[in-house]
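The values are calculated or read from the model by the stated rules, or taken from the named source; none is laboratory data. On a predicted model such as this, the values are computed, not experimentally measured, just so you know. Ideal geometry is used to build each Cβ from the backbone, glycine not excepted, and the neighbour counts take in all protein chains shown.
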Amino acid sequence: MASCPGRPGRRVFPIKDNIPTDRFPLITVLLIVINVVVFLGFEHPSGFSSVNENTVVRYGAIPYELTHWGKHCALVQAPTTAGTEAVACEGEPGVSGKAPSQPPTWATMFTAMFMHGGFLHIIGNMLFLWIFGNNVEDSMGRVRFVLFYFLGGLAALWLQVAVSPDSTAPTIGASGAIAAVLGGYILLYPRARVLTLVFIIFFVTVIELPAVFVLALWFLEQVYFGAANLTNPTGGGGGVAYWAHIGGFGFGLALIKLFATRRDKQIPPRIPVY
């Protein structure tokens, strides 16, 4: 599963940036609301103890389904471990029968963008979307931002699929689309600064950091762990779709100038804290 840009273990958490917005970020707010509603109301139908795994498999984007069009996957009882479940897909060796009725495979590429694997996953994603998405939306307008966001999410997913075409693990989360937002932001506002919560061993402090530093550090981390997963695919990537993050960020870098129409802003020298 894809994780959030600010996944557990990260020692740097952005709080706010110093780029003002000229218009209310309606699309950014709507995306956050939809993600939260889906997470709380759709993935947790019987309580908040855990995500409904069957829902994740049905509506998550599974690389195997995308590279074996017409074949579907389902959650079944694991044959070797009692009391546990595993994902089985039509056409796999040792798998017989048909999967239960599934949403169209193409639709899962979009539904997956609104699903998350846990509370830390969605909180981290929505934090990054709010801090950086409002400015990117402001730079291109609402209609263009919707297109940019979803195309970035699709680019992210398909790079992950290209790296692991036979994977049966559902890829979920807004991380890929948000990575596209981050890639666009770093080019639009290279002089921006971000108020950041930093954990240093047992100490916690809040400092201002260049946005370029925060986002470039995050991207280099994705590249490092993505490459490590390629050379040691069983080394425990922690369920993080690093290549989806890389694909989304690359999309943002490559195409932001085609979407953004307003790039000149008067940037305050300091971040107001209140």
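Values as computed for the structure displayed
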| item | result |
| --- | --- |
| Residue within the stretch 72-86 that is acidic (Asp, Glu) and at pLDDT 85 or above present | no |
| Residue pairs meeting the criteria (Cβ under 8 Å; at least 6 apart or on separate chains; first within 17 Å of PHE249 (Cβ to Cβ) and in a strand (DSSP E or B), in the stretch 1-24; second at pLDDT below 50 and not aliphatic (A, V, I, L, M)) | PRO14/GLY6 |
| Residue selected from the stretch 113-133 under the condition among the small types (Gly, Ala, Ser) and over 14 Å from ALA179 (Cβ atoms), by the criterion farthest from the chain's Cα centre (by Cα) | GLY118 |
| Some residue of the stretch 183-206 being modelled with pLDDT of 95 or more and closer than 26 Å to THR108 by Cβ | yes |
| Filter result (outside any helix (DSSP H, G or I) and either in contact with a Lys or Arg (Cβ under 7 Å, 6 or more places away or on another chain) or within 30 Å of PRO93 (Cβ to Cβ) (or both)) within the stretch 168-193 | THR168, ALA169, PRO170, THR171, ILE172, GLY173 |
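Residue by residue, here is whether (1) without any contact (Cβ under 8 Å) to a residue 40 or more places away in the chain; (2) touching a helix residue (DSSP H, G or I) at 6+ places or on another chain (Cβ under 6 Å); (3) more than 20 Å from ALA244 (Cβ to Cβ) holds:
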{"site": "ASP138", "(1), (2), (3)": "no, no, yes"}
{"site": "PHE148", "(1), (2), (3)": "no, yes, no"}
{"site": "ALA155", "(1), (2), (3)": "no, yes, no"}
{"site": "PRO170", "(1), (2), (3)": "no, yes, no"}
{"site": "ILE178", "(1), (2), (3)": "no, yes, no"}
{"site": "ILE200", "(1), (2), (3)": "no, no, yes"}
{"site": "ILE207", "(1), (2), (3)": "yes, no, yes"}
{"site": "VAL214", "(1), (2), (3)": "no, no, no"}
